[in-house]
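What follows is a single structure, written as structure tokens, with notes after it.
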Ligand code: F6R
């Protein structure tokens, strides 16, 4: 959460920073601010509550001339400490106004630091944890006159997770940044260097990047960068080349990133599968555990949050079926504070698009403390969760800018299946020809999803009809249950509409009391050719819904004539194997939520109160 960017080079820093912030706004949009080391030797700061557009309007109003320089930094905020107001917007400055800092994360001992500063007579002007760092940095700099040293000194005093970027008017040609458990990458250009939360901030200038390690400080200048640990010992980051181009981080003719990302789902699936079936075997991306350890697994926990958790629920059906292993799926935030029974033969699968979700990261650490093996499924190369895991499988969905997860959900489901097949193969619960057949079925999925995407106009029309609904319920069984939960989550987060997903069998145990004439109920039908008993049970549920006058919106396999008479509205999806149905049946629900949100006039890419990377607990 919070996006930060810093720049030193030969271009107009304000311009570079504002463009960078535009690409990081998915991380938070409660306020935005910039600081530029001006050619006049001053530090000029402008900050504004609300989205980046507010800051730009402010700069356009006051004129940008006061912010001319070739070094600067910026911040887009997801508020944790202090309301989203101008005074709490970053950058925060020291009392002289010559030092500024932007911050992502939470300084957990800020109350103690604030009390200490107040005792010393420092006047704090915001409610943020970040401002304490500004004053501590100023004091450290005053005593040593060396900005990187001051940053290292202060970082050693801070608890929690943080990325800091610091500038000082007396050090006009450098920017110092530090990280602990929050992301930070360096962009290596020619005669210019960048620091940012995400490469998207500088991808238009350079694709050469360096991922900083835990507890490292980097100093960037025009001509280079230097990394140390928090004690000043030389250190190195992990260089990498960004293999996606700028168009992947742009809307490509769509009104919203999310709509583009929904359309990209076939390629997200294809790219996630690519290169993982070699010589008849499933291969992961990184494996720091040996095959015997995979063979010895006797229990699996899947931990994740939100949409990633729903993908984990789908994984349970596949792993139990293929590997004959008990699988528990847990919300990472709950798992972390329980005493789950884990040991060396437990595999914990941690699923995270960003790879930096704090709840999931802490669950990984909790599992590792108990000697469990951890396998990460992640969409962000080199993020903290894969770094701390024993094995990694990346979802190659490309950057997801829309705050609501779409293409990464489908890619996570596919990656879960690859993990299930890899474990089944290691344990010998599936013959290699069976693994090959399952893989071939996965390879057919991009075409099936493309076919669903050809029906979006019909779904959008339905979205227009439902735009005024107060409540929508979603029902599914088996793998249709997590799809129901995901459909409800999309509607809540995008359209701010009350929506609930239920296991259809639970309807009669309580939720049926909610049914009333006209209430829309979305039902995810299983294939009539797959598990016939499931299909029959859902048909009965549909009758129960109709008997109470509620409206049935049914997602069913094409050609399923048995359900047609009972559907107030029928959305057909192609026939695919039972376990793979979430890959087709989720897509109309994503489109539906986006359309209802649009009809209600909401920003589909930036739902209120949310952020893409949730780096606080
Ligand atoms: C919903 C959504 C969130 C994330 C959750 C986990 O659309 O995006 O529920 O799925 O915050 O995020 P990651 O996958 O980055 O760990």
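Would you confirm whether any residue within segment 7-21 is outside any helix (DSSP H, G or I), closer than 26 Å to residue 142 by Cβ and in contact with a strand residue (DSSP E or B) (Cβ under 8 Å, 6 or more places away or on another chain)?
Yes, segment 7-21 contains at least one residue that is outside any helix (DSSP H, G or I), closer than 26 Å to residue 142 by Cβ and in contact with a strand residue (DSSP E or B) (Cβ under 8 Å, 6 or more places away or on another chain).
Kindly provide the set of residues from segment 356-376 that are closer than 21 Å to residue 299 by Cα, touching a residue at least 60 places away in the same chain (Cβ under 8 Å) and within 10 Å of the ligand (Cβ to nearest atom), ordered by number. Within segment 356-376, 361 is the sole residue that qualifies.
Only a single item in (1) modelled with pLDDT of 95 or more; (2) surrounded by fewer than 23 Cβ atoms within 10 Å (Cβ to Cβ) is not met by residue 412, and it is number (2). Residue 616 meets each of the listed conditions (1) closer than 27 Å to residue 312 by Cβ; (2) at pLDDT 95 or above; (3) touching a strand residue (DSSP E or B) at 6+ places or on another chain (Cβ under 8 Å) apart from (2).
Residues that are within 22 Å of the chain's Cα centre (by Cα), in a strand (DSSP E or B) and more than 22 Å from residue 52 (Cα to Cα): does segment 164-171 have at least one? Checking segment 164-171: not a single residue is within 22 Å of the chain's Cα centre (by Cα), in a strand (DSSP E or B) and more than 22 Å from residue 52 (Cα to Cα). Inside segment 306-325, residues that are within 16 Å of the ligand (Cβ to nearest atom) and either in contact (Cβ under 8 Å) with a residue 60 or more places away in the chain or under 17 Å from residue 435 (Cα atoms) (or both) make up a count of 9.
The residues on offer are 293, 328, 286, 250, and the sole one that is farther than 19 Å from residue 439 by Cβ, surrounded by fewer than 19 Cβ atoms within 10 Å (Cβ to Cβ) and modelled with pLDDT of 95 or more is 328. The residues of segment 589-615 that are part of a loop (DSSP other than H, G, I, E, B) and within 11 Å of the ligand (Cβ to nearest atom), listed by number, are 607, 610, 611, 612, 613, 614, 615. Counted as qualifying within segment 437-499 are the helices (runs of 4 or more DSSP H) with 3 or more residues that are more than 25 Å from residue 415 (Cα to Cα), namely 456-466, 480-495.
Yes or no, residue by residue, for (1) in contact with a helix residue (DSSP H, G or I) (Cβ under 9 Å, 6 or more places away or on another chain); (2) crowded, with 23+ Cβ neighbours inside 10 Å; (3) in a helix (DSSP H, G or I):
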position	(1), (2), (3)
4	yes, yes, no
23	yes, yes, yes
35	yes, yes, no
46	yes, no, no
58	no, no, yes
74	yes, yes, no
83	no, no, no
104	yes, yes, no
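Of everything listed in (1) modelled with pLDDT under 95; (2) under 18 Å from residue 231 (Cβ atoms); (3) surrounded by fewer than 23 Cβ atoms within 10 Å (Cβ to Cβ), the single unmet condition for residue 172 is (2). Candidates 380, 429: the one that is more than 25 Å from residue 357 (Cβ to Cβ) and either outside the structural domain of residue 576 (by TED's automatic domain parsing) or within 16 Å of the ligand (Cβ to nearest atom) (or both) is 429. State whether the residues of segment 434-445 include one that is closer than 26 Å to residue 539 by Cα, more than 16 Å from the ligand (Cβ to nearest atom) and out of contact with any helix residue (DSSP H, G or I) (no Cβ under 6 Å at 6 or more places or on another chain). No; the residues of segment 434-445 include none that is closer than 26 Å to residue 539 by Cα, more than 16 Å from the ligand (Cβ to nearest atom) and out of contact with any helix residue (DSSP H, G or I) (no Cβ under 6 Å at 6 or more places or on another chain). Looking only at residues in segment 335-355 that are more than 22 Å from residue 297 (Cβ to Cβ) and surrounded by 14 or more Cβ atoms within 10 Å (Cβ to Cβ), the one that is farthest from the ligand (Cβ to nearest atom) is 355.
Return yes or no: is residue 581 buried (at least 24 other Cβ atoms within 10 Å of the Cβ) and within 16 Å of the ligand (Cβ to nearest atom)? It is false that residue 581 is buried (at least 24 other Cβ atoms within 10 Å of the Cβ) and within 16 Å of the ligand (Cβ to nearest atom). The lone criterion from (1) in the same structural domain as residue 470 (by TED's automatic domain parsing); (2) within 30 Å of residue 404 (Cα to Cα); (3) in contact (Cβ under 8 Å) with a residue 60 or more places away in the chain left unmet by residue 525 is number (3).
Here is a yes/no grid of residues against (1) without any contact (Cβ under 8 Å) to a residue 24 or more places away in the chain; (2) in the same structural domain as residue 408 (by TED's automatic domain parsing); (3) not in a helix (DSSP H, G or I):
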position: 191; (1), (2), (3): no, no, yes
position: 204; (1), (2), (3): no, no, yes
position: 210; (1), (2), (3): no, no, yes
position: 217; (1), (2), (3): no, no, yes
position: 222; (1), (2), (3): no, no, yes
position: 232; (1), (2), (3): no, no, yes
position: 270; (1), (2), (3): no, yes, no
position: 289; (1), (2), (3): no, yes, yes
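Could you say whether any residue in segment 476-487 is buried (at least 23 other Cβ atoms within 10 Å of the Cβ), in contact with a helix residue (DSSP H, G or I) (Cβ under 7 Å, 6 or more places away or on another chain) and more than 30 Å from residue 299 (Cα to Cα)? Scanning segment 476-487, I find no residue that is buried (at least 23 other Cβ atoms within 10 Å of the Cβ), in contact with a helix residue (DSSP H, G or I) (Cβ under 7 Å, 6 or more places away or on another chain) and more than 30 Å from residue 299 (Cα to Cα), so the answer is no. Do we find that residue 154 is at pLDDT 95 or above, assigned to a strand (DSSP E or B) and within 26 Å of residue 213 (Cα to Cα) in this structure? Spelling it out, it is not the case that residue 154 is at pLDDT 95 or above, assigned to a strand (DSSP E or B) and within 26 Å of residue 213 (Cα to Cα). The sole residue among 556, 547 that is more than 25 Å from residue 319 (Cβ to Cβ), more than 28 Å from the chain's Cα centre (by Cα) and surrounded by fewer than 14 Cβ atoms within 10 Å (Cβ to Cβ) is 547.
The values are calculated or read from the model by the stated rules, or taken from the named source; none is laboratory data. Because the structure is a prediction, the values reported are computed rather than measured. Cβ sites come from the backbone with ideal geometry, for glycine too, and all protein chains shown count toward neighbours.
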